[in-house]
Amino acid sequence: ILQAMTPAIFILILSLPLTGFAESVDSKIQEGISQYHEGKFKDAGQSFSSARVDRPDDSRIPYNQGNAHYKEGSFPEALQAFTQSSLDKKNPDIRKNAIYNTGNTLVKLGKLKEAESAYKKVLRLDPGDMDAKFNLEYVRKQLKKEEDQKQDSDQGNQKNEDQQAKNEHSPPEKD
């Protein structure tokens, strides 16, 4: 009888730490959410980071971590977290929102071409996403503005070069 009970006790003992482990991760997540809502974005990011170590396959954790980093102004860290979260093909809502937030983060980092690509990807996943449509148009306008400024700058440089060449080859003016 003792031999038959030993495996059952062993399984029970093994399951207890796992239950405590799950509660520990969940409490870290809840703590991060509370900190986020209190505006303690740095603390929230750290709580989510701690939970992420224990549950690396849960795409909601890096998504929340990315939101905390974004609000904190830590855009490279936000980009990394959103990128990780966007890889989850099992959770389409988190994936789409992570890609959208990746686009927003790329705008903040001045990477407009990459942001344009992110918003296009969101619209492939959800053609009715009005926020992604709006942001895509915004990014396209910014890219056009940059292109126009570059052309103006190039034309201005060409005029200056033409003027210098003309001055170098022109006879001196009489006083």
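The values are calculated or read from the model by the stated rules, or taken from the named source; none is laboratory data. A quick note: this is a predicted structure, and the numbers were derived from the prediction, not measured. Neighbour counts run over all protein chains shown; Cβ positions are idealised from the backbone, glycine included.
Residues of the range 43-64 that are in a loop (DSSP other than H, G, I, E, B) and without any contact (Cβ under 8 Å) to a residue 12 or more places away in the chain: P56, D57, D58. Taking the range 21-54 as the range and being surrounded by 15 or more Cβ atoms within 10 Å (Cβ to Cβ) and either touching a Lys or Arg at 6+ places or on another chain (Cβ under 6 Å) or of a type in the set (G, A, S) (or both) as the test, the residues that pass are V25, G32, F41, A44, G45, S47, S49, S50, A51. Does the range 17-36 contain at least one residue that is in a helix (DSSP H, G or I), modelled with pLDDT of 90 or more and aromatic (F, W, Y)? Looking for residues that are in a helix (DSSP H, G or I), modelled with pLDDT of 90 or more and aromatic (F, W, Y), one finds none in the range 17-36, hence no.
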